[in-house]
Every structure is written in C-alpha cells, then in structure tokens.
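**Student:** Starting off with a structure, shown below.
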Amino acid sequence: MVELLLLLLLLLLPFLLYMAAPQIRKMLSSGVCTSTVQLPGKVVVVTGANTGIGKETAKELAQRGARVYLACRDVEKGELVAKDIQTTTGNQQVLVRKLDLSDTKSIRAFAKGFLAEEKHLHILINNAGVMMCPYSKTADGFEMHIGVNHLGSGVTTYSVHPGTVQSELVRHSSFMRWMWWLFSFFIKTPQQGAQTSLHCALTEGLEILSGNHFSDCHVTWVSAQARNETIARRLWDVSCDLLGLPMD
C-alpha cells in the first residue's frame, strides 16, 4: 500500500509542479518597476538589445517615448528587433548601431558615431554580456569573459542582478541549456528580468544610492571584497592600464 502511494505521488509530482509553477515564478519575481516616468526627448543606449532582457528593456523605454539605440553585435538581428519594437510601441525612434564589446575598435567607433549623432545621452543600460564561453580571446587579446563583461562594458553607476532569466546567456553550455529547459516554469521571463534595470534607470531619487548593487528592484547585500575601496581602486587602475586609458 505504501509503495502504491509513493508511486502515485511520483506520478502526480510533475503535474503538481506544473500547476504551481506560475505562483512559484511570481514569488521568485517579486521586483517590479513601478515608475510611471515618461521619456519624450530622452536618448537611451541599450547594449545587447537584440534579444532577451536587453530587448525587453529597450521595448519598455521606447514605449515611454525615448529615442532608443540598440547597440548590437548582430546588426541584422538588431534591425528585426527594432522593427518589432517600432510596431509594438508606435515609436519609430528605435535605431540600431553596430557594437562589438569584444573589440575596442568597435567600441570606439560606436562612441564616435554616437557623439556625431547626439548631443546628450540620458540613459545607458550595459546589458550585453557572455557566460561560460569556451576559452577564447577578444580582438585585443583579453580573455573573453573579462574582455566583454568588464573591460568592454566599462564601469556603471549601478550594478544589478536580474535573477535567473530565460535568455540566450547560457547558449555556450549544453548542460545549462538543459537545466534552463528542465526548470523553465520556475525561471523569470525576459520581461521580468528587465525590471531591476528599468527600476534603476527610471526611478527618481536613486542618486543617493549610486554605487549600490540591486536585485528585484531593491538594494541588496554584496561581499566585503566588493565593498573594499582599495581593491576597487586597484581594479580601476589595472583596467585603465589594459585599455591604455588615463587612470583619473
């Protein structure tokens, strides 16, 4: 009798998890950007905006009336996303520009082109990144992860953790893709993953929290090493030296 009950429980477990998944996902996605700020006349750059969190972030900012630049390595894919956002939001000021964060020449070319087009940049979302790549180097000879995620993206005012999100970030790992598929009902959607970035970009009065780390739209804890100003200064100096930039 006990064995039969256990077998029945095992058979019912996947169904119960499936039914409970929306509530579990909602519970894990507690952070929501509640700002109602509109952005007419504002200029925004979102890196890696041709998929996932970046796409959803760009769509929301375009919906609020901003002129949004999709800074993408894959321009062709970016153009398709731009047309989709234009159609969805009715905002035709969604533009695509080439940006490859694994090549400092591409970064400088993007910056030069942007400065020729715009007088101001109001919001910068450094969304693009890589994870679990096979060992490789950038065009400048840096290991790919540090070259793209740190040296390519530069230093931002806020750092954010979007949570575990269904995106292309795990594309280099078959194991992680399988895990994402297995637990897909419990993983945030790209729209949910974009909420913390939007919160930091749009919420008024966050200036006093500059330099903090955010998760689920709230300031969250970071390790002692991450708060160590001596280590931070050393990282800054080393990064500037690697890129051939002045340290101050």
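**Student:** Find all pairs meeting these conditions: Cβ atoms under 7 angstrom apart; at least six residues apart or on different chains; first residue within region 222-248 and in contact (Cβ under 8 Å) with a residue 12 or more places away in the chain; second residue surrounded by 12 or more Cβ atoms within 10 Å (Cβ to Cβ) and among the polar types (S, T, N, Q).
**Tutor:** Correct list of pairs: LEU243/THR104.
**Student:** Only one of LEU61, LEU70, LEU101 is in a loop (DSSP other than H, G, I, E, B), of a type in the set (A, V, I, L, M) and either under 16 Å from the mean Cα position of the chain (by Cα) or at pLDDT below 95 (or both); which?
**Tutor:** So the residue among LEU61, LEU70, LEU101 that is in a loop (DSSP other than H, G, I, E, B), of a type in the set (A, V, I, L, M) and either under 16 Å from the mean Cα position of the chain (by Cα) or at pLDDT below 95 (or both) is LEU101.
**Student:** Of the residues GLU60, GLU117, GLU56, GLU76, only one is among the charged types (D, E, K, R) and open to solvent by less than 50 Å² (accessible area, probe 1.4 Å); which?
**Tutor:** Exactly one of GLU60, GLU117, GLU56, GLU76 is among the charged types (D, E, K, R) and open to solvent by less than 50 Å² (accessible area, probe 1.4 Å), namely GLU56.
**Student:** Given (1) β-branched (Val, Ile, Thr); (2) within 19 Å of the chain's Cα centre (by Cα); (3) in a helix (DSSP H, G or I), identify the lone condition not met by THR88.
**Tutor:** (2) is the only condition that THR88 fails.
**Student:** Against the conditions (1) open to solvent by less than 30 Å² (accessible area, probe 1.4 Å); (2) under 24 Å from CYS200 (Cα atoms); (3) of a type in the set (S, T, N, Q), where does THR51 fall short? Just the number, please.
**Tutor:** Going through the list (1) open to solvent by less than 30 Å² (accessible area, probe 1.4 Å); (2) under 24 Å from CYS200 (Cα atoms); (3) of a type in the set (S, T, N, Q), THR51 breaks only (1).
**Student:** Look at LEU124 and say whether it is open to solvent by 30 Å² or more (accessible area, probe 1.4 Å) and under 14 Å from GLY54 (Cα atoms).
**Tutor:** When the stated conditions are applied, LEU124 passes them.
**Student:** Under 8 Å between Cβ atoms, at least 6 apart or on separate chains: pull out the pairs that start in region 199-217 with a residue that is farther than 20 Å from ALA58 by Cβ and end on any residue that is β-branched (Val, Ile, Thr) and not in a loop (DSSP other than H, G, I, E, B).
**Tutor:** Hits for this filter: LEU209/VAL219; ASN212/VAL219; HIS213/VAL160; HIS213/VAL219; SER215/VAL160; SER215/THR196; ASP216/THR196.
**Student:** Continuing with this model, one more query. Could you name every one of the helices (runs of 4 or more DSSP H) located completely within region 185-248 that has at least 1 residues being at pLDDT 90 or above and loosely packed, with under 13 Cβ neighbours inside 10 Å?
**Tutor:** So the answer is 229-243.
**Student:** Then there is this: Looking only at region 157-169, decide whether some residue is at pLDDT 90 or above and buried (at least 16 other Cβ atoms within 10 Å of the Cβ).
**Tutor:** Within region 157-169 (the criterion being at pLDDT 90 or above and buried (at least 16 other Cβ atoms within 10 Å of the Cβ)), the answer is no, since none of the residues qualifies.
The values are calculated or read from the model by the stated rules, or taken from the named source; none is laboratory data. Note that the structure is a prediction, hence the values are computed from the model and not measured. Positions of Cβ are generated from backbone atoms using ideal geometry, with glycine treated the same way; all protein chains shown enter the neighbour counts. When the accessible area is computed, the model is the full protein with side chains, heavy atoms only, and any ligands, DNA or RNA have been set aside. Shrake-Rupley method; radii C 1.70, N 1.55, O 1.52, S 1.80 Å.
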